[in-house]
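Have a look at the structure below before the remarks.
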Amino acid sequence: MGDPPGQDEILKKAGEILKSGGLVAFPTETVYGLGGDAFNPASSKRIYAAKGRPSDNPLIVHICRLSDLEKTAAFIPKEAYELAEAFWPGPLTMILQKDPLLPSETTGGLQTVAVRFPSHPLAQALIDAAGGFVAAPSANTSGRPSPTVGKYVYEDLSGRIDMLIDDGQVGLGLESTIVDLTEEVPMILRPGFITEAMLRKVLPDICLDPALLAKAVTADLDPQAIKASDTADGSLGDNPDADHTGPKAPGMKYKHYAPQGEVIIFEGDEKKVSERLLFELQKDRKKGIRSGVILSDQMLDRLKGQEEEIPADSVKCLGSSDDTEAMAHMLFRFLREFDDEKIERIYVRAVAQEGLGLAVMNRLKKAAGGRIIAL
Ligand code: AMP
Ligand code: MG
């Protein structure tokens, strides 16, 4: 047996696969991406098929040079260069008017395009090897939590793609922030690591898509109540309490990030949440329901103070409770691990919806079908 292929060889092979219409999953600083040549409509169609993704949900075009932005977009406002100067390469996606040469298969039939310049060195090298333009959504089966570890890409897409570049756990763990620059006022369509406050320093007028601020449905665990409040696609925009405009990023309207188990979010102070948690966990244990819980160190201490053993089948610890970054980093991985462990109910405490907490709660609420139980 010869030596295993070196990185240069892997990248060369991956570049050849992409240039000839194949698909390569690769790490980025946010989550793993499922890449195809952005200018090849057949590649984009293969991406939708591999993921089981609705074809009206556009892909993000990844570039590795700022100068290539001009080849993806028909018109680039000065705000785009200002954002690029501040946050590229990095976890920010911009929506612009698409270049006419970019296939509509890549943009889900829209006249606009989503573009990102990732900071991950391997991602940059891969995009370069592929000719400069890689269309890539997250490398998961549509609807499942985005993969932050190579093994979950393999689990979802093995046999459907031509190559996986596995680089272990990614750095950030949540998908990029998406900013729309095609309307009069720049708008955040998906929250992420680049927060509203960071963006506001560059674009003082920036606003949030109202669909992101829609009040979550509050229900209790009574099965009737859950049924009644469940929306057809898990979208917050379908909440009768919410503003009637749906989210502008097509992907934000689908039920998303969902593990097989039911996610239940409790909102309230540590004391109330820990009491309720113990009550639910004990109830689940009696009924033979496999339950799991995501906890901060503080919550863990509180529960340990009340019980000799926490009555959960799986306990995942996040570290300090104000460490929203740890939650962002580990959330998708934990949701996947709960699936591996066949956990049927997953309990988690809400974080404050500010800064990075807005992005974490956005993903959590979608995983929970929009329900939060206020205590
Ligand atoms: P993913 O890469 O899996 O995180 O999905 C890409 C996200 O970008 C989805 O939520 C899409 O709906 C969104 N997106 C891509 N292109 C556009 C566009 N032209 N306008 C609005 N949202 C977009
Ligand atoms: Mg995705």
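The values are calculated or read from the model by the stated rules, or taken from the named source; none is laboratory data. Note that the structure is a prediction, hence the values are computed from the model and not measured. Here Cβ is always computed from backbone atoms with ideal geometry, including for glycine, and neighbour counts include all displayed protein chains.
Some notes on this structure:
- Per-region count, the range 119-139, residues under 18 Å from the mean Cα position of the chain (by Cα) and either within 14 Å of L34 (Cβ to Cβ) or not in a loop (DSSP other than H, G, I, E, B) (or both): 6
- Criterion (polar (S, T, N, Q), under 23 Å from the mean Cα position of the chain (by Cα), surrounded by 24 or more Cβ atoms within 10 Å (Cβ to Cβ) and farther than 23 Å from R333 by Cα) met by exactly one of T106, T112: T106
- Note on the range 16-45: residues that are touching a strand residue (DSSP E or B) at 6+ places or on another chain (Cβ under 6 Å) and not in a strand (DSSP E or B) amount to 8.
- Neighbours by Cβ (under 8 Å, 6+ apart or cross-chain): first from the range 53-65, farther than 10 Å from T106 by Cα; second assigned to a loop (DSSP other than H, G, I, E, B) and near ligand 1 (Cβ under 9 Å from one of its atoms): R53/P137; R53/S142; P54/S142; P54/Y254; H62/A136
- Scanning the range 140-183 for residues that are charged (D, E, K, R) and part of a loop (DSSP other than H, G, I, E, B), we see that the one that is surrounded by the most Cβ atoms within 10 Å (Cβ to Cβ) is E175.
- The set of residues in the range 46-97 being over 22 Å from the mean Cα position of the chain (by Cα), loosely packed, with under 15 Cβ neighbours inside 10 Å and either modelled with pLDDT under 95 or not in a loop (DSSP other than H, G, I, E, B) (or both) consists of L66, S67, E70, F75, K78, Y81, E82, E85.
- Looking across the range 21-42, not a single residue is among the aromatic types (F, W, Y), more than 24 Å from V360 (Cα to Cα) and within 15 Å of ligand 2 (Cβ to nearest atom).
- When the criteria are applied in full, G237 meets the requirement of being part of a helix (DSSP H, G or I), within 30 Å of A84 (Cβ to Cβ) and either at pLDDT below 70 or touching a Pro at 6+ places or on another chain (Cβ under 6 Å) (or both).
- Among residues of the range 262-292 being among the small types (G, A, S) and at pLDDT 95 or above, the one that is nearest to ligand 2 (Cβ to nearest atom) is G292.
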